[in-house]
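Only the coordinates and a few stated rules stand behind these numbers; no lab work does. What you see is a predicted model, and the numbers here were worked out from it, not measured in a lab. Note: ideal-geometry Cβ built from the backbone for every residue, glycine included; neighbour counts use all protein chains shown.
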């Protein structure tokens, strides 16, 4: 993966394919851009696909004590500028959806289309934010093995495929405790994106795993109802990481959406 230095942070990213249109894939917490490997393989045959790692997750270096959505969105904009990409279809899953909302607020003109996958619009409650701070401290104290033990069962459906579970644990293990802690603190500070829904004017797809326990289908339904003209795709046999648990169905839904966007 190539690297670009932005404000002192080494940001690693994948830039695959040479199609006339670009797709930006924003990953989930506490994984990195490698979670999109199957989607990159499919989409890069027809599109240019750009996949960054957030600070401290994957191969990007940690940037600060809190990886806020504002910080990541700003880095994404700088990366797209570096790559001379002026318009892009954006797909964000979980934390990637939070980043996508902030990116829309900062630069709606970038968007050819938007796919919001296994995410939610609402902000954390006070209790939820406090839980993230506790998690952040434990990540520093106990390391990535502890993080994987805590998160992997929540990210997957109740009876997950052992191979998928192993793959997700591996993706988690390629981050850093500092990056995990900073991401938790950044997500705790994210604004409520519910008012943003009505401002989204680009073509929008909402995707959710039918067995997603973290951001269940009801959350996806709220997003789809709030964005004018949005389509909702339910992915059978998948939990929160629908792109990994039901990759064929997820990739088909995302690919059909991206392929149909105007240039």
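Taking the conditions exactly as written (buried (at least 24 other Cβ atoms within 10 Å of the Cβ), touching a strand residue (DSSP E or B) at 6+ places or on another chain (Cβ under 8 Å) and under 29 Å from residue 201 (Cβ atoms)), does residue 24 satisfy them or not?
Here the answer is yes, as residue 24 does meet what is asked.
Filter region 66-91 for residues that are out of contact with any strand residue (DSSP E or B) (no Cβ under 7 Å at 6 or more places or on another chain), assigned to a helix (DSSP H, G or I) and surrounded by fewer than 17 Cβ atoms within 10 Å (Cβ to Cβ) and give the result.
Just the residues of region 66-91 that are out of contact with any strand residue (DSSP E or B) (no Cβ under 7 Å at 6 or more places or on another chain), to begin with: 66-74, 77, 81, 84, 86.
Keeping just the survivors that are assigned to a helix (DSSP H, G or I) gives 69-74, 77, 81.
Those that are out of contact with any strand residue (DSSP E or B) (no Cβ under 7 Å at 6 or more places or on another chain), assigned to a helix (DSSP H, G or I) and surrounded by fewer than 17 Cβ atoms within 10 Å (Cβ to Cβ): 77, 81.
Across region 43-65, what is the total count of residues that are buried (at least 18 other Cβ atoms within 10 Å of the Cβ), in contact (Cβ under 8 Å) with a residue 40 or more places away in the chain, in contact with a helix residue (DSSP H, G or I) (Cβ under 7 Å, 6 or more places away or on another chain) and at negative phi?
Residues meeting the conditions: 9.
Just to be sure I understand, how many residues within region 12-26 are farther than 22 Å from residue 119 by Cβ, part of a strand (DSSP E or B) and out of contact with any helix residue (DSSP H, G or I) (no Cβ under 6 Å at 6 or more places or on another chain)? Give the derivation first.
Step one: list which residues in region 12-26 are farther than 22 Å from residue 119 by Cβ, which gives 12, 15-21.
Those left that are additionally part of a strand (DSSP E or B): 12, 15-16.
Then drop every residue that is not out of contact with any helix residue (DSSP H, G or I) (no Cβ under 6 Å at 6 or more places or on another chain), which leaves 12, 15.
Going through region 12-26 one residue at a time, the tally reaches 2.
State all residues of region 236-263 that are under 17 Å from the mean Cα position of the chain (by Cα) and outside any helix (DSSP H, G or I); if no residue qualifies, say none.
238, 239, 240, 241, 246, listed by residue number.
Whether any residue in region 107-129 is closer than 17 Å to residue 175 by Cα, in contact (Cβ under 8 Å) with a residue 40 or more places away in the chain, buried (at least 24 other Cβ atoms within 10 Å of the Cβ) and within 14 Å of the chain's Cα centre (by Cα) is what I want to check. Don't jump to the end; show me each part of the working.
So the first thing to find is which residues in region 107-129 are closer than 17 Å to residue 175 by Cα, and the list is none.
No, that holds for no residue.
Given the conditions (1) out of contact with any helix residue (DSSP H, G or I) (no Cβ under 9 Å at 6 or more places or on another chain); (2) in contact (Cβ under 8 Å) with a residue 12 or more places away in the chain, which single one is not true for residue 92?
All conditions pass for residue 92, except number (1).
Of the residues in region 98-137, how many are closer than 28 Å to residue 238 by Cα and not in a helix (DSSP H, G or I)?
Final tally of qualifying residues: 15.
Taking the criterion of being in contact (Cβ under 8 Å) with a residue 60 or more places away in the chain, in a strand (DSSP E or B) and either under 17 Å from the mean Cα position of the chain (by Cα) or under 22 Å from residue 151 (Cβ atoms) (or both), would at least one residue in region 209-232 satisfy it?
yes
Anything in region 186-220 that is touching a helix residue (DSSP H, G or I) at 6+ places or on another chain (Cβ under 9 Å), surrounded by fewer than 20 Cβ atoms within 10 Å (Cβ to Cβ) and farther than 25 Å from residue 261 by Cα? List them, or say none.
Answer for region 186-220, where residues must be touching a helix residue (DSSP H, G or I) at 6+ places or on another chain (Cβ under 9 Å), surrounded by fewer than 20 Cβ atoms within 10 Å (Cβ to Cβ) and farther than 25 Å from residue 261 by Cα: 189, 190, 191, 210, 213, 214.
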